[in-house]
Amino acid sequence: MIENLLMGFKISLSFQNIIYCFIGCTLGTIIGVLPGLGPSATIAMLLTLTYKLDLTSAIIMLAGIYYGASYGGTITSVLINIPGEASTVVTCIDGYQMALKGRAGKALGIAAFGSFIAGTFGTVGLSLLAPPLSEFALMFGPAEYSALMMLGLTLVIYLGSGSPTKAMVMGFLGLAVATIGMDPATAVERFTFGSQSLMEGVNIAVLAMGLFGIGEILYMAESGEARASRDAIKYSSKLRELLPDQYDWKMSIKPIGRGSILGFFLGMLPGGGAVISSFASYAMEKKFSKHPEQFGKGAIEGVAGPESANNSAVSGAFIPLLTLGIPSNVVMALLVGAFMLHGVTPGPFILKEHPNVFWGVITSMYVGNVILLILNVPLIRFFVKIIEIPMALLSPLIVLICVIGAYSLNNNAVDILIMVIFGVVGYLMRKFRYEPAPFMLGFVLGEMLEKSVRQALIISQGSPLIFFTHPISMVLMVAMLFMILSPIFTTFRKRRRLTTVLEQVRKAASEDD
């Protein structure tokens, strides 16, 4: 192992590969800042250009774009409440509230350090545990994925900082929006209203920009108090005072650790690994917190946990790709294409036939995480200057960014209209105190849940017992039932305790009489 790592570092620390790693990380950060573009579109555009590059250099650069975009998306999520990446949607909840309280630098700082720690943990895990963990990932079939998604949907109760009922309503509404488009099994159009633009469903980037970006602008336009409070934000110009202090680290170190572990394991699974990881981490931190009421109001744990989870998930996604040749998401599928362009098939034999590629790519992630830290931390004081821009100037700029981002996805003006519609929905959510995070989780899980449930029921010939006869799915279903029933039992115990206290008070009062 040590010899292989030394060989890998010798490859990844060559001048040529450091340059390509730097280019990838820088491009990824810029792409993450620009809503709508995303790493998958960028890698797809650059794929043919990598044909003339050495395979190791090409994969190092493309991988840098992938994990660099995760931090780039954090910048806009914190500063202007627009998730540059789907995996940074959760960061908007507390990151933007921290910015409104003059703590944007601390939010960006803990995100950068948490990403570095989680990325390093994920890379170490990738180095040591790739083969056995890839076999574990193969144990997940339709029943296991269905149970995992159902467990994820129960997280909507914990994602909202307000009423659990409102959170559940938003979760089910997200599921409903996820059904727009063609039926995955029968190809029948559903809720498309005759529009060809809706046949593939609603794009998550368009939805996120509408709910968070346009919705926030409309809410601030109506609420002079909200606009004035943002314009009145004060912060220090010194980088040392902007970065997380000792108390912030005390509150964040455990969420970073938990998020790193959770994200790494969820990242191996096909689907939205980084997205689901960030949502799951947020719900877990809210559950473990001694002050859950602070979530949604600027809790630094709500930034540290999800940011660590989505970056660790990126490393986890490479496990099935490099050891089995199975892509776990769109970006990994594009990387398979990059391998194929050079006549190399990723999978069990790559470690034996092309060890320089395998270990060069893995060790480049160590290098890339250091580059991202060096690149982004000194720039924090320049990023937070965005807060100084008056809302009268910033609002049109945000709208312009959202419009360009929505249009660039498919070069289709209908996407802009859809974004505006969800912007109005986002405004109404804020006005009537309905939170968008449970809605987003329902939307993200909806399509995957529908496919998995259908496949599982086809395998079992319609019997729902398949979810309880498979060991992994049974454990997940039991965990889901526990999460659903635990609040009910807690409420029951509180009422029973209150009844007992009232009876004791009545008894004492009657004795006094």
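The values are calculated or read from the model by the stated rules, or taken from the named source; none is laboratory data. Everything numeric in this text was worked out from a predicted model, so none of it was measured. In this analysis, Cβ positions are derived from the backbone assuming ideal geometry, glycine residues included, and neighbour counts consider all displayed protein chains.
Within the stretch 82-112, the set of residues being surrounded by fewer than 24 Cβ atoms within 10 Å (Cβ to Cβ) and outside any helix (DSSP H, G or I) comprises Lys101, Gly102. Residue count for the stretch 133-169, restricted to those that are farther than 20 Å from Thr469 by Cα, out of contact with any Ser or Thr (no Cβ under 6 Å at 6 or more places or on another chain) and modelled with pLDDT under 70: 10. Does Ile398 meet the test of being modelled with pLDDT of 85 or more and at negative phi? Against the criterion (modelled with pLDDT of 85 or more and at negative phi), Ile398 does not qualify.
Being among the polar types (S, T, N, Q), in a helix (DSSP H, G or I), in contact with a Pro (Cβ under 6 Å, 6 or more places away or on another chain) and surrounded by 24 or more Cβ atoms within 10 Å (Cβ to Cβ) is a description that does not apply to Ser115.
Number of residues in the stretch 345-378 that are modelled with pLDDT under 80 and more than 27 Å from the chain's Cα centre (by Cα): the value is 7. Here the condition is being under 25 Å from the mean Cα position of the chain (by Cα), surrounded by 15 or more Cβ atoms within 10 Å (Cβ to Cβ) and more than 23 Å from Leu100 (Cα to Cα); of Val425, Val403, Val399, Val384, it holds for Val403 alone. Of all residue pairs spaced 6 or more apart or on separate chains, those with beta-carbon atoms under 7 Å, a first member in the stretch 297-319 that is under 26 Å from Glu435 (Cα atoms) and a second member that is surrounded by 24 or more Cβ atoms within 10 Å (Cβ to Cβ) and among the acidic types (Asp, Glu) are Gly298/Asp94; Ala299/Asp94; Glu301/Glu285; Gly302/Asp94; Gly302/Glu285; Val303/Asp94; Gly305/Glu285. Scanning the stretch 192-216 for residues that are among the β-branched types (Val, Ile, Thr) and modelled with pLDDT of 80 or more returns Thr192, Val202, Val206, Ile214. Take residues that are touching a residue at least 12 places away in the same chain (Cβ under 8 Å) and among the aromatic types (Phe, Trp, Tyr) and tell me which of the helices (runs of 4 or more DSSP H) falling wholly in the stretch 405-513 contain 1 or more. Qualifying helices (runs of 4 or more DSSP H): 413-431, 436-459, 466-469.
Residue-wise test of (1) under 25 Å from Leu394 (Cβ atoms); (2) modelled with pLDDT under 85; (3) in contact with a Pro (Cβ under 7 Å, 6 or more places away or on another chain).
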| position | (1), (2), (3) |
| --- | --- |
| Lys52 | no, yes, no |
| Ser57 | no, no, no |
| Tyr67 | no, yes, no |
| Ser77 | yes, yes, yes |
| Gly105 | yes, yes, no |
| Gly109 | yes, no, yes |
